[in-house]
1. Given the criterion at pLDDT 85 or above, surrounded by fewer than 14 Cβ atoms within 10 Å (Cβ to Cβ), touching a helix residue (DSSP H, G or I) at 6+ places or on another chain (Cβ under 9 Å) and at negative phi, identify the matching residue among Glu36, Glu68, Glu49.
2. Show me the strands (runs of 3 or more DSSP E) found entirely inside segment 66-182 where at least 1 residues are under 17 Å from the mean Cα position of the chain (by Cα), among the small types (Gly, Ala, Ser) and under 15 Å from Ile39 (Cβ atoms).
3. Quick check on Gly113: is it at pLDDT 95 or above, of a type outside the set (D, E, K, R) and closer than 28 Å to Gly153 by Cβ?
4. Quick one: would you say Leu43 is buried (at least 21 other Cβ atoms within 10 Å of the Cβ), in a helix (DSSP H, G or I) and at pLDDT 95 or above?
5. Is it true that Ala108 is in contact with a Phe, Trp or Tyr (Cβ under 8 Å, 6 or more places away or on another chain), within 20 Å of Leu170 (Cα to Cα), modelled with pLDDT of 95 or more and of a type in the set (Gly, Ala, Ser)?
6. Identify all residues within segment 46-60 that are within 29 Å of Asn159 (Cβ to Cβ) and part of a helix (DSSP H, G or I); write none if there are none.
7. Looking only at segment 78-94, count every residue that is loosely packed, with under 15 Cβ neighbours inside 10 Å and either in contact with a strand residue (DSSP E or B) (Cβ under 8 Å, 6 or more places away or on another chain) or closer than 14 Å to Arg125 by Cα (or both) and tell me the total.
Amino acid sequence: MGRPLPPEGRALRTRPARMRDPAPTPRVKIHELLREPLILPDLPADDGETALKEMSRLLAGYDKAFAEKRIYENLLQRESLGSTAIGEGFALPHGRVSGLDEPVVVLAVSKKGVPFKAVDGKLVRAFFLVVSSAENPGPNLLVLAAAARLIRGSRSLLNKMLKARTARALLDIVREEEEKIP
C-alpha cells in the first residue's frame, strides 16, 4: 500500500502543513505607560508594606478609580504568594483592579533601599508597580515582561535612577534606556 495515486497515475506529493506564525505581539514600552504624577523619585519607606502603601496612596490620588485600601490589600495579597522583588535592586509588584481599561505603571525609587524579600537578599531601590484589569489580565504579563526586559537590558539603569532628582528625569532615563534595547 503506498501513497494513493491521483487519477493521472503520478504519486501525490505531500508537504508538511505550514504553520503560520502568530501575529506579532506589539512590544510594550514602559516609558509610554508612565505618567509624571505616578513617579516617586524619593520613596519615603523603610519597609515593604510602607512602600506598597505609599505607591497605593499615589495611585489613589492620581485617579479616584483606585481605592487606596483596595489597591494596598490587593498588593499585599499578591506579595503573600511570594516576593515580587526580582533582585539587583528591582521589584515588580503587581495587582489587578476591576474596570480598568489599560495597565497603569508607578515608578518609585528609594535612595536608601527597602527590604522586600528579594531573591538575592539585596535591598530594593526601584519599584515598577503594575496595576491592570481584573477582567483582562493578558496586558499585565506584557507590561511585566517589558519591565523585566528593560531591567535586564540596561546595566546602568539603577545607577542612573538613583541619581535622578525629579519625576521628569526618571521618565527621561527610562525612555533613553528603553530605546537602546533592540
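1. Glu36
2. Correct list: 104-114, 124-133.
3. yes
4. For Leu43, the condition - buried (at least 21 other Cβ atoms within 10 Å of the Cβ), in a helix (DSSP H, G or I) and at pLDDT 95 or above - is not met.
5. It is true that Ala108 is in contact with a Phe, Trp or Tyr (Cβ under 8 Å, 6 or more places away or on another chain), within 20 Å of Leu170 (Cα to Cα), modelled with pLDDT of 95 or more and of a type in the set (Gly, Ala, Ser).
6. Gly48, Glu49, Thr50, Ala51, Leu52, Lys53, Glu54, Met55, Ser56, Arg57, Leu58, Leu59
7. Residues flagged as loosely packed, with under 15 Cβ neighbours inside 10 Å and either in contact with a strand residue (DSSP E or B) (Cβ under 8 Å, 6 or more places away or on another chain) or closer than 14 Å to Arg125 by Cα (or both) within segment 78-94 amount to 1.
The values are calculated or read from the model by the stated rules, or taken from the named source; none is laboratory data. All of these numbers come straight from a predicted model, not from anything done at the bench. Every residue, glycine as well, gets a Cβ built from its backbone with ideal geometry; the counts of neighbours run over all protein chains shown.
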